[in-house]
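Please treat every number below as a calculation from the coordinates, not as lab data. What you see is a predicted model, and the numbers here were worked out from it, not measured in a lab. Quick reminder, even Gly has a Cβ in these numbers, built from the backbone with ideal geometry, and neighbours come from all protein chains shown.
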Amino acid sequence: MPENDMANSRVIRTFSIIGADGAGKTALVEALWRIADPKRPPAEGSTSRLDAEPEEKKRNFTLSLHPESFEEGGRAFHVLDCPGFAAFLTEVEWALQVTEGAVLAISAADGAHNRAERTFDVLAESGRPAIAVITRLDHEQADFAKTLADAEASLKVKAVPLQLPIVAGGKCAGLVNLLSMKAHLHDGKGKYAEGEIPSDLRGEAERLRTGLVEAAAESDDELLGKYLEGGALTEDEIARGVAAGAAAQRLLPVACACAKSGVGIRELLDLAVRVFPAPETRELKGKDLAGKEVSRQASAEAPFCGQVFKTTIDHFAGRVDYVRVFSGTLKHDATVMNPRTRSEERVAHLHRTDGAQTAEVPEAGPGEFVVLMKLKDAHTGDTLCDPGAPLVLPPFAQHTRPVSYAVHAKAGDDKAAAALQKLIEEDPSLELARSPDTGEMLLQGMGQAHIDVTVERVKRKHGVEITLAPPTPAYLETITAPAKAQGKFKRQTGGHGQYGDAHVELSPKPRGEGFEFEDAIVGGVVPRQFIPSVEKGIRGALHSGPLAGYPVVDFRAKLVFGSYHDVDSSDMAFQVAGSMAFKKAVLEARPILLEPVMKLEVRVPEEYVGAVMGDLNSRRAKVQGMEPLARGVLIRAVCPHAEAMTYDADLRSLTQGVGYFTMEPSHYDPVPPPIAQKIIERRRAEGKVKGVEE
C-alpha cells in the first residue's frame, strides 16, 4: 500500500482524464469501467455512454465534464472525463481544481499533436501531477517511439516511460512493465499473465529502465544518495521517485494503453494509485465568512467541505449538482451551507454517478464525487460546507471571453435572457451582458464552438430559438480643433414665448478624459438659474453626434456668452439653445470617428508565427511585441474591434486549431478616413444622424 494511504485502509484516487479532442479520453474511461465491471456492455458504434447529450452525440466529442465512480480490487476511483476541444478547456481547469492528478491522453495514431500543448499548459498552471498515456496502440499507424519523442519535444518536458508496448502481428499484445521488468501478456479481456520480456525487446527495455531509475533517483535526495553509492533501487523506491518527480512537475511518467483490447488499462489504475496523492493528503486552503484565510486537512474526521464542479438544470430532473467532497463525511439528511448565499439546505439524498445513471448511497467522504438533487441555488464553483465550520474554497477561475455575439430572439429579449441565464448557471464560462454603448444583448463565450453549442442547448432545453449577429462596434465621435457657435432658440406662439441664447466654445481633451462643462459667463448675460440648463442641453445632445450619430466624447464645452428675455426665457429654452450651439460647433471643430481597439494576446507554435503576423497586419492590427514561451510564442497586439469579429475561427483555420488568444478592450483610435466615410454614409442612409434642431 502506498505510504500516503497508510492512515486509511481504503485506497481512493480522484483524477481527471485530459487531452486534445480525438486522443481517446472517453474510450479510456469506458475501458476503466469494463475493468471494474466486466459485464458492462461496450458502447454502441462510435457514441460513448458518457457523451449522453445530443450536442455531444452530434459531434462525437465530449463537451462538458463527465464524472464516473467505480471500484476495482478493493480500490475506489473517481474520474472526470474532460473536454478536449479548445473552446471548452476552461472546464479542464475546473476539473484539475477538484482532482489530485491528471491522465494526459496522447494518440499514437497521430503523435503528440500540437493541440495537446494547450491542454498541457493548463495542466502545468494547475500544479497537478500527471501520467501521460499513449493511446490507440491498436491503430495501424501507431508508433510508440515516435509519439514518445514528439511528446517530449512538443511539450518541452522530460518524458519518462514506465512501460513499453509489445506488438505482435500488427497488434498490441501486451506491455513491458519497466518498474518490475516483467512482460504483461494480455488476453484481450482486461486480464494479463506475467512473463519474461521478449528477447527482441530486452535491449530497449533495459535502456529505458536505466533512464527510469536515473529519473526517479534525481527526484528524491535519499534515493539519489543510494543510487550514487551504487545501491540498486527497489520497484517501490523507483515508483516513489517517479511520484515525487511528477508532483514537482519535473518529469512526465509515460504509460501505454489500448482501450479496445484492454492492454494497459488495469496497469493504469495501479499507476494512478502509485503516482497520484491520496485525497486526505491535501491541505484545504480558503477563507471563513469574514474573509480571513483558514486551512484544514482534508480528512474524514474534519468538518464537511465540498465544491460543486458541475450543475445541470433539466425540465424533468430539476437542478442536479455534482459535488467533490474534500473533507468530512456528507450523509443524507445533513444540513449544508452555501457561503455565497449564506443559506442552509438539507441534503435529502446522495447519489453516485455511473455514466449517465446514478445510484443512491448513504454517505460520501474525502475524494468522492456525489450527486445532489434539487438544491435551491447552488451554482458551478460554489462551496458547500458544514454550517458550524464554514470554509470557502477558491472559486473557479474565469477568463476574458474572446468571442461575442449580439443575440436576437423571436420570443423576445426577456425570454431569451431568462433561458440563457439558466445555461450560465450550468456553465459560468458563458456571460450575458447588455452593451452600455449599443444596447445590444451580448452572448460571450470561450470560442465559436462554445457559442454554437449554447445556441443548440438553449433551443433543446428551454425551447427558445435565438439567432446571432456580430456585435455592433461601439464607435464614438470626437473633435480635433477648437470651435465656437451660437445656439439661439426663439418661439412666439401667442402669450408667453420661448427664448434662449447660448454661445459655446468647444475644445478637444486628451483621449479618455470625457466631457467637461465650464461656466465662463460674466455680467449676468445668462442668469445663474439657466446655466445648468445649457449644460443639460449639451449633455442630452452629445449622445448622438452630428457626424454619424455616435456619442461625442473627450471635449470641453465653455459657455462664454448669451442673452435672455425676462418673460420668455425658461429652462427648456436654454436646454435647446445649448444643444443647438453644441451641434453647430462640433461641425466646425473637425470631428472624427473613433473606433474601439482590442488588446490581443495570441499564443501559437513557432511554425505559425509568420502566417499569424501577416493576418494581423491585414486586420490593421499593430504588433507590440513577441515573447518566447516554453511551448510556442506569445504575440501581443492591438486590433480594431471591427476587424477582430471573426478572429477565433480565422486563427483556428490559420493554425490548424492549435493557436488560441485572449481579447479585451484597450482604447479608442481614429478610424482611417476612407473607412470612416463609408460608416458615415451608411449611418446617414439609415437615418441615424439628427439635424441641428432635432
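Between helix 235-247 and the chain there is an angle of about 0 degrees, using the helix long axis and the longest principal axis of the Cα atoms.
Please report the relative contact order for the chain, taking Cα pairs under 8 Å with a sequence separation of at least 6, and give it as a percent rounded to a whole number. Present the calculation step by step, with values, prior to reporting the outcome.
Details: 1575 pairs, mean separation 66.0, N = 694.
10 percent.
Restricting the calculation to Cα atoms, the stretch 594-676 yields a radius of gyration followed by a Dmax of 12.6, 42 Å.
Run the numbers for L224 and M572: contour at 0.36 nm per residue of separation, minus the present Cα-Cα distance, in nm.
On the way: separation 348, 0.36 × 348 = 125.28 nm, distance 8.71 nm.
Fully extending the segment from L224 to M572 adds 116.6 nm.
Summed over qualifying helices (DSSP H, 4 residues or more, each -39500 (n - 2.57)) and divided by its residue number, the chain shows a 222 nm mean residue ellipticity of -8500 deg cm²/dmol. This model, with +1 at the C-beta of Lys and Arg and -1 at the C-beta of Asp and Glu, gives the chain a dipole about its Cα centre of some 1940 debye. Scoring 658-666, 292-300 by mean Cβ neighbours within 10 Å over their residues and listing the highest first yields 658-666, 292-300.
Subtracting the Cα-Cα distance of Q486 and K285 from their residue separation scaled by 0.36 nm leaves 65.8 nm.
Would you indicate which of [x] 36.6, 138; [y] 37.1, 157; [z] 32.3, 115 is the value of Rg and Dmax of the Cα atoms in Å derived from the coordinates of this structure? The listed entry that was calculated here is [z]. Counted by neighbouring Cβ atoms within 10 Å, the residues F582, F396 run from fewest to most as F396, F582. Between E681 and K599, the FRET efficiency from the beta-carbon distance, with R0 = 25 Å, is close to 0.25.
Given 10 °C and 1.306 mPa s, compute D for the stretch 476-589 with the Stokes-Einstein relation, Rh being the Kirkwood radius over Cα pairs; round to the nearest whole µm²/s.
Details: Rh = 13.9 Å.
Calculated translational D: 114 µm²/s.
Greater than 28 Å separation of Cα atoms is the criterion. Which listed pairs, K58/K622; K310/K410; K287/K376, meet it? Walk me through the intermediate numbers first.
Values: K58/K622 40 Å; K310/K410 30 Å; K287/K376 23 Å.
Pairs exceeding 28 Å: K58/K622; K310/K410.
Charging the Cβ of each Asp and Glu at -1 and of each Lys and Arg at +1, and nothing else, the dipole of the stretch 476-589 about its Cα centre rounds to 180 debye. Per-residue Cβ neighbour counts within 10 Å put D321, D566 in the sequence D566, D321, beginning with the fewest.
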